[in-house]
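The values are calculated or read from the model by the stated rules, or taken from the named source; none is laboratory data. Here the structure is a predicted model, which is why all the values come from computation and not from measurement. For neighbour counting, all protein chains shown are included, and Cβ atoms are generated from backbone atoms with ideal geometry for every residue, glycine included. To get the accessible areas, we keep the full protein, side chains included, count just its heavy atoms, and leave off ligands, DNA and RNA. Shrake-Rupley method; radii C 1.70, N 1.55, O 1.52, S 1.80 Å.
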Amino acid sequence: LLIFLGWGLVGCGGDVVATALQDLRSRDVSVRRRAVQTLYEARPADPQVVTALADALGDTDGEVRRAAGRTLGLLG
């Protein structure tokens, strides 16, 4: 599950959303999973986030795709 995986990004300082958006493009699936979980937890009202999550719906990892869809649903 993706529960609590976003904490690694939350504690590192700086702009958490910007970091998560960058991490969504990582080759490392665990980094992408943390990134989408972080965006789920932050729920930012940002058009860039919606675009990045829509792109993540095509991710090769099913867990990333599901989490991206769930997050998009929350953002409306």
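General observations
- Scope the stretch 46-76; condition assigned to a helix (DSSP H, G or I) and either loosely packed, with under 13 Cβ neighbours inside 10 Å or of a type in the set (Phe, Trp, Tyr) (or both); matching residues: PRO47, GLN48, THR51, ALA54, ASP55, GLY62, GLY73, LEU74
Yes or no, residue by residue, for (1) farther than 21 Å from ASP15 by Cβ; (2) in contact with a Phe, Trp or Tyr (Cβ under 9 Å, 6 or more places away or on another chain):
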site	(1), (2)
VAL29	yes, no
ARG32	no, no
GLN37	no, yes
GLU41	no, yes
ASP46	no, no
ALA56	no, no
ASP59	yes, no
LEU72	no, no
LEU75	no, no
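- The lone exception for ARG43 - which of (1) open to solvent by less than 40 Å² (accessible area, probe 1.4 Å); (2) on the phi > 0 side of the Ramachandran plot it fails: (1)
- Number of positions in the stretch 17-45 that are outside any helix (DSSP H, G or I) and within 8 Å of the chain's Cα centre (by Cα): 1
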